[in-house]
Amino acid sequence: MGEFSLKDQLFNRDRVEYLAGRFSATNGDFDAAGFVNGTMRRLNQLELKARIVHIAEQLERHLSPDFPTAAKQITKSLPPPLDPRKTDDDFGDFIFAPLGEFVVRNGLRKKHLKLSLRTLKMLTQRFSMEDAIRAFINQHTEPTIVELTKWAGDKNYHIRRLVSEGTRPMLPWSKRIAIDVTTPLPLLETLHADPTRYVTRSVANHLNDISKSHPDLVVETLTRWKSLDVQDERELRWISKHALRTLVKKGNVNALRFLGYRPNPQIQVSNFSLTAARITPGESIELSFNLTAQRDESLMVDYVIDFVKSNGTHAPKVHKLKQMDIGKGQQVKIRKSHRLHANATTYKLYPGTHHVTLQINGKPFGKQSFELVM
């Protein structure tokens with residue numbers, strides 16, 4: 001079986017022909033064959049983001065050189081908006097990402113700003129324009145933020161989500177935006193009460209981004225939202241847990257306390273052990289321990305693996321284990337198996353002594369070691 005390729009699944013001849021068909025159906029002058037042939041000549045040699053740019057470059061050869069006319073050609077070619085009855089996980093069709101890139105490349109001048117933002121507003125209802133909008137935030141900050149403020153109340157949840165996602169400080173796969181992290185907070189004030197999980201997930205991810213540089217600000221913001229009581233209590237708790245996940249992994253006392261976890265739980269940990277002292281890549285470490293509560297406690301139980309790096313130093317990685325409530329005098333036995341994948345895509349294994357630390361409510365409760373042999 002061949003290796004899965006996301007770039008080939010999202011951008012291939014079928015999708016390019018589909019896009020060409022959209023344009024030729026509404027614009028008799030559009031050279032569909034020329035566009036497909038020109039695009040496919042280099043497409044398979046390029047990585048994912050480069051394919052988006054490449055398709056936009058090809059569109060520049062086949063759409064009007066006059067941006068207002070080209071923008072009209074784009075909007076006329078669009079299919080109906082994504083189903084507004086859905087509430088989550090409806091990112092849209094990646095083949096429309098190059099249309100956003102086209103708008104950035106050709107509509108960034110001040111005289112085109114209103115038209116460009118209107119075009120992105122239509123496009124984001126077919127595929128999220130979170131990457132494209134960032135160029136306008138950087139180039140025309142004030143008027144773009146003013147427009148996004150209006151969009152925060154739009155009836156279409158894809159448009160509302162774009163307001164949060166497009167202004168995230170650390171949006172994956174995207175350039176940084178040159179605004180202070182506090183600038184979008186008034187937008188999040190509105191969006192945190194959104195009824196749609198697709199929007200509130202973006203708000204939570206946005207806050208998680210902010211927490212990496214302004215941890216206290218995030219806890220203060222969530223505390224204020226809780227006092228406002230404009231979001232469903234269960235949904236706000238979900239937002240809070242998702243927004244504070246990085247701080248919780250770091251053992252941030254204020255974040256843990258906000259979520260209801262005492263920073264100094266009265267517990268005893270005993271018989272903490274690993275089943276093997278030496279393992280090889282592809283095998284698993286198995287940890288077990290007993291936990292006894294001296295009072296009623298809510299516990300966030302994690303474990304931290306200090307991975308050996310190429311230079312011999314260690315890099316800690318926190319792994320979630322269990323969230324639990326435990327009564328005074330209660331004892332539980334916890335076991336966990338963790339496989340060290342030989343060909344993981346997110347990290348590379350190196351031989352040496354690795355450490356495993358139990359972390360409960362952000363505090364260490366014992367350490368064991370194992371040797372990874374290659």
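Residues of segment 297-341 being surrounded by 13 or more Cβ atoms within 10 Å (Cβ to Cβ) and of a type in the set (Ser, Thr, Tyr), which ones?
The answer is Ser298, Tyr303.
Across segment 106-138, which residue is farthest from Gly166 (Cα to Cα) among those that are among the charged types (D, E, K, R) and crowded, with 17+ Cβ neighbours inside 10 Å?
Arg126
What's the number of the condition Lys333 fails, among (1) farther than 15 Å from Phe370 by Cβ; (2) in contact with a Leu (Cβ under 6 Å, 6 or more places away or on another chain)?
(2)
Considering only segment 346-374, how many residues are in a loop (DSSP other than H, G, I, E, B) and surrounded by 17 or more Cβ atoms within 10 Å (Cβ to Cβ)? Can you show your working first?
Applying the first criterion (in a loop (DSSP other than H, G, I, E, B)) to segment 346-374 yields 346-351, 361-362, 373-374.
Remaining after also requiring surrounded by 17 or more Cβ atoms within 10 Å (Cβ to Cβ): 349, 361-362.
Result for segment 346-374: 3.
I'd like the residue in segment 208-221 that is under 19 Å from the mean Cα position of the chain (by Cα) and either not charged (D, E, K, R) or not in a helix (DSSP H, G or I) (or both) and, out of all such residues, is surrounded by the fewest Cβ atoms within 10 Å (Cβ to Cβ). If you could, list the steps in order and put the result at the bottom.
In the first step, residues of segment 208-221 are kept if they are under 19 Å from the mean Cα position of the chain (by Cα); the result is 208-215, 218.
Retained after the next criterion (residues that are either not charged (D, E, K, R) or not in a helix (DSSP H, G or I) (or both)): 208, 210-215, 218.
Values: Asn208: 19, Ile210: 21, Ser211: 25, Lys212: 14, Ser213: 11, His214: 17, Pro215: 17, Val218: 27.
Once the filter is applied, the top-ranked residue is Ser213.
Any residue that is touching a residue at least 60 places away in the same chain (Cβ under 8 Å), β-branched (Val, Ile, Thr) and part of a loop (DSSP other than H, G, I, E, B) - is there at least one of those in segment 190-207?
yes
Looking at segment 155-177, I want the residues that are in contact (Cβ under 8 Å) with a residue 24 or more places away in the chain and have a partner that is among the small types (Gly, Ala, Ser) and surrounded by fewer than 24 Cβ atoms within 10 Å (Cβ to Cβ) with Cβ atoms under 7 Å, at least 6 apart or on another chain. Which pairs are those?
Filtered contacts from segment 155-177: Arg160/Ala152; Val163/Ala152.
Can you report the number of residues in segment 257-298 which are farther than 30 Å from Val218 by Cβ and part of a strand (DSSP E or B)?
Counting residues in segment 257-298 that are farther than 30 Å from Val218 by Cβ and part of a strand (DSSP E or B) gives 16.
Let me confirm something: among Lys328, Lys336, which residue is part of a loop (DSSP other than H, G, I, E, B) and at pLDDT 95 or above?
Values: Lys336 fails: part of a loop (DSSP other than H, G, I, E, B).
Going through Lys328, Lys336 in turn, the sole match is Lys328.
Within segment 13-45, track down each residue that is in a loop (DSSP other than H, G, I, E, B) and touching a residue at least 12 places away in the same chain (Cβ under 8 Å). Show your work before the answer.
Just the residues of segment 13-45 that are in a loop (DSSP other than H, G, I, E, B), to begin with: 27-31, 44-45.
Within segment 13-45, Asn27, Phe30, Asp31, Asn44 qualify.
With the requirement that a residue be more than 27 Å from Asp83 (Cα to Cα) and assigned to a helix (DSSP H, G or I), what does segment 162-189 give you?
Across segment 162-189, the qualifying residues are Leu185, Pro186.
Return the total of residues in segment 72-85 being of a type outside the set (A, V, I, L, M, F, W, C) and either in contact with a Pro (Cβ under 6 Å, 6 or more places away or on another chain) or not in a loop (DSSP other than H, G, I, E, B) (or both).
Total meeting the criteria: 5.
Which one is modelled with the highest pLDDT, of the residues in segment 263-279 that are β-branched (Val, Ile, Thr) and within 14 Å of Leu372 (Cα to Cα)?
Ile279
Can you spot a residue in segment 86-101 that is surrounded by fewer than 20 Cβ atoms within 10 Å (Cβ to Cβ) and in a helix (DSSP H, G or I)? Lay out the reasoning, then the answer.
To start, the set of residues in segment 86-101 that are surrounded by fewer than 20 Cβ atoms within 10 Å (Cβ to Cβ) comprises 86-94.
Narrowing the set further to residues that are in a helix (DSSP H, G or I) leaves 94.
For segment 86-101, residues surrounded by fewer than 20 Cβ atoms within 10 Å (Cβ to Cβ) and in a helix (DSSP H, G or I): present.
Do we find that Val103 is outside the structural domain of Asn138 (by TED's automatic domain parsing) and among the β-branched types (Val, Ile, Thr) in this structure?
Working: outside the structural domain of Asn138 (by TED's automatic domain parsing): no; among the β-branched types (Val, Ile, Thr): yes.
It is false that Val103 is outside the structural domain of Asn138 (by TED's automatic domain parsing) and among the β-branched types (Val, Ile, Thr).
Any residue at all in segment 67-74 that is under 25 Å from Thr141 (Cβ atoms), aromatic (Phe, Trp, Tyr) and over 22 Å from the mean Cα position of the chain (by Cα)?
Within segment 67-74, one or more residues are under 25 Å from Thr141 (Cβ atoms), aromatic (Phe, Trp, Tyr) and over 22 Å from the mean Cα position of the chain (by Cα).
The values are calculated or read from the model by the stated rules, or taken from the named source; none is laboratory data. In this text the structure is predicted, and so the values were computed from the model without any measurement. Don't worry about glycine lacking a Cβ; one is built from the backbone with ideal geometry, like all the others, and counts go over all protein chains shown.
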